[in-house]
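Only one structure is covered here, and it is reproduced in the block below.
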Amino acid sequence: MTAALPRQAAPPDEPSRPPETPGHRARRRALTLLIIVLLIGVPAGYLVISAAQSRDSGKDKESKASATGLAEGWPSKVQRRLYQVPVPHPADRIAYYETNNWKTSRLYVQFRTNSAGLDSFLEGMGVNRDALKKNDISVSSRDRKITGWKFTGTGPWAGLTHAQKNPAPTQDVVVNTADPEFPMVYVVSRTVP
């Protein structure tokens, strides 16, 4: 048998507490329950949200990797910097597609801009408008087949190949100036990893 431990008496100068009322007990239990819910529920909710976002991110990456043609929208800043494709502002009708393999990586980009935007784009690549050769379709038939580009509509058409030493990319550019105020630009930038 265990001996009962003696209770310590309350200090003489401290008044004794009244017994706990049912309302006070209910408030104390509610507060305890709230603290437990917050300590367990908030981290659990965070984990659920984080897992859903992670899953969605994987699906986005999977859909980009399985794309088989031009997708509407801007290429990422990293892609534009890596492939040295300085898409100007303003630009619209933007679409892109990237392919990678062990031998060569390519970024296909198309966009419509204004005359100043075309000059800005070419200048950003390190060339000027004088480098464009009339009726020169510099994008290969292989690349046209991949993107579905057909350079047979109203023109005039002009193109150039901006070759650079590895690892810098080489760009093939075709420009349609049927509307000289808003030229349409097609770019294939390829680099050897």
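From the residues in the range 172-193 that are without any contact (Cβ under 8 Å) to a residue 60 or more places away in the chain and not hydrophobic (A, V, I, L, M, F, W, C), which one is surrounded by the most Cβ atoms within 10 Å (Cβ to Cβ)? Out of the qualifying residues, it is 172. Counting only residues that are basic (Lys, Arg) and within 23 Å of residue 82 (Cα to Cα), which one in the range 143-171 is least open to solvent (accessible area, probe 1.4 Å)? Step by step, filter the range 143-171, then rank; the result is 144. The residues of the range 90-115 include none that are over 13 Å from residue 183 (Cα atoms), open to solvent by less than 60 Å² (accessible area, probe 1.4 Å) and out of contact with any strand residue (DSSP E or B) (no Cβ under 7 Å at 6 or more places or on another chain). Just a yes or no: is a residue in the range 82-97 of a type in the set (Ser, Thr, Tyr), in contact with a Phe, Trp or Tyr (Cβ under 8 Å, 6 or more places away or on another chain) and touching a residue at least 24 places away in the same chain (Cβ under 8 Å)? Yes, the range 82-97 contains at least one residue that is of a type in the set (Ser, Thr, Tyr), in contact with a Phe, Trp or Tyr (Cβ under 8 Å, 6 or more places away or on another chain) and touching a residue at least 24 places away in the same chain (Cβ under 8 Å). Would you say residue 111 is part of a helix (DSSP H, G or I) and at pLDDT 90 or above? When the stated conditions are applied, residue 111 does not pass them. Residues that are more than 28 Å from the chain's Cα centre (by Cα) and open to solvent by 40 Å² or more (accessible area, probe 1.4 Å) within the range 116-142 comprise 128, 129, 130, 133, 134, 135, 136, 137, 140, 141, listed in sequence order.
The values are calculated or read from the model by the stated rules, or taken from the named source; none is laboratory data. Note that the structure is predicted; figures quoted are calculated from it, not measured. As a convention, Cβ positions derive from the backbone with ideal geometry for all residues, glycine included, and neighbour counts pool all protein chains shown. Surface areas here come from the heavy atoms of the whole protein model, side chains and all, with no ligands, DNA or RNA. Shrake-Rupley method; radii C 1.70, N 1.55, O 1.52, S 1.80 Å.
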